[in-house]
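Trainee: Before I ask anything, let me first share the structure, which is written out below as structure tokens.
The values are calculated or read from the model by the stated rules, or taken from the named source; none is laboratory data. Note that the structure is a prediction, hence the values are computed from the model and not measured. Note that each Cβ is placed from the backbone with ideal geometry, even for glycine, and that neighbours are counted across all protein chains shown.
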Amino acid sequence: MSDVRKIAGVNEGQFFDPSWSFHCRVIWPCRPEHLAGYAAAAFPGSKVDIPKGKFCGLTLVFDNGETEVYVIALEKKPINSLQLSSLAHEAFHVTNYVLDDRGMKLSYKTQEAYCYLLDSIFKRCLDLTRAKIIL
């Protein structure tokens, strides 16, 4: 796990998962107007469709030349149930991308692998934000 840094006006925390060999970053607070600047600063020369419009959370996929990097963008630091559910939702997208890219489709037989990876991604992202949960 690395320290959180400020890049293009947003906080960014990141981790590498050696078991599945992927990079994940979580950025916050992030609004639509931050996304293009973040993408240009963090992934110079990358081409990714930046969605327009308001969001609570979204997941972007970048190629860093070696592997794909999954970026979870959160409108706010996750401290309440709505923001936590957005983080869980986006963590599932990352889980699905990682396992689907490795030929593992979600099914009854593969659900435990999905659950363990989802749990790991969610906890790591939450730890990176250093959120104090208010429920």
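Trainee: Taking Leu118 and the conditions (1) surrounded by 14 or more Cβ atoms within 10 Å (Cβ to Cβ); (2) farther than 23 Å from Phe55 by Cβ, which numbered condition does it fall short on, given that it satisfies the others?
Mentor: Among (1) surrounded by 14 or more Cβ atoms within 10 Å (Cβ to Cβ); (2) farther than 23 Å from Phe55 by Cβ, the lone unmet condition for Leu118 is (2).
Trainee: Moving to a separate point now. Kindly list the number of the only condition in (1) touching a strand residue (DSSP E or B) at 6+ places or on another chain (Cβ under 7 Å); (2) under 17 Å from Val4 (Cα atoms); (3) assigned to a helix (DSSP H, G or I) that fails for Val98.
Mentor: Condition (2) is where Val98 drops out.
Trainee: Test of understanding: among Leu74, Leu106, Leu87, which residue is more than 16 Å from Gln14 (Cα to Cα) and of a type in the set (A, V, I, L, M)?
Mentor: Leu106
Trainee: Can you run down the residue pairs with Cβ atoms below 6 Å, 6 or more apart or on separate chains, where the first is in the stretch 101-127 and outside any helix (DSSP H, G or I) and the partner is aliphatic (A, V, I, L, M)?
Mentor: As it stands, the answer is Thr110/Met104, since those pairs meet every condition given.
Trainee: Could I ask something else about it? Condition first: under 26 Å from Arg102 (Cβ atoms) and either of a type in the set (Lys, Arg) or in contact with a helix residue (DSSP H, G or I) (Cβ under 7 Å, 6 or more places away or on another chain) (or both). Now tell me which residues in the stretch 22-50 satisfy that.
Mentor: Phe22, Cys24, Arg25, Val26, Ile27, Ser46, Lys47, Val48
Trainee: Okay, moving on. If we keep just the residues of the stretch 111-135 that are among the polar types (S, T, N, Q) and at pLDDT 95 or above, which is nearest to Arg25 (Cα to Cα)?
Mentor: Ser120
Trainee: Something else: I want to confirm something. Restricting to the stretch 55-78 and keeping residues that are outside any strand (DSSP E or B) and in contact (Cβ under 8 Å) with a residue 12 or more places away in the chain, which single residue is nearest to Gly45 (Cα to Cα)?
Mentor: Asn64
Trainee: Taking the stated definitions as given, is Phe62 surrounded by 15 or more Cβ atoms within 10 Å (Cβ to Cβ) and either modelled with pLDDT under 95 or over 21 Å from Thr129 (Cα atoms) (or both)?
Mentor: When the stated conditions are applied, Phe62 passes them.
Trainee: Residues being assigned to a loop (DSSP other than H, G, I, E, B) and either out of contact with any Leu (no Cβ under 8 Å at 6 or more places or on another chain) or β-branched (Val, Ile, Thr) (or both): count how many of those fall in the stretch 79-95.
Mentor: The total comes to 1.
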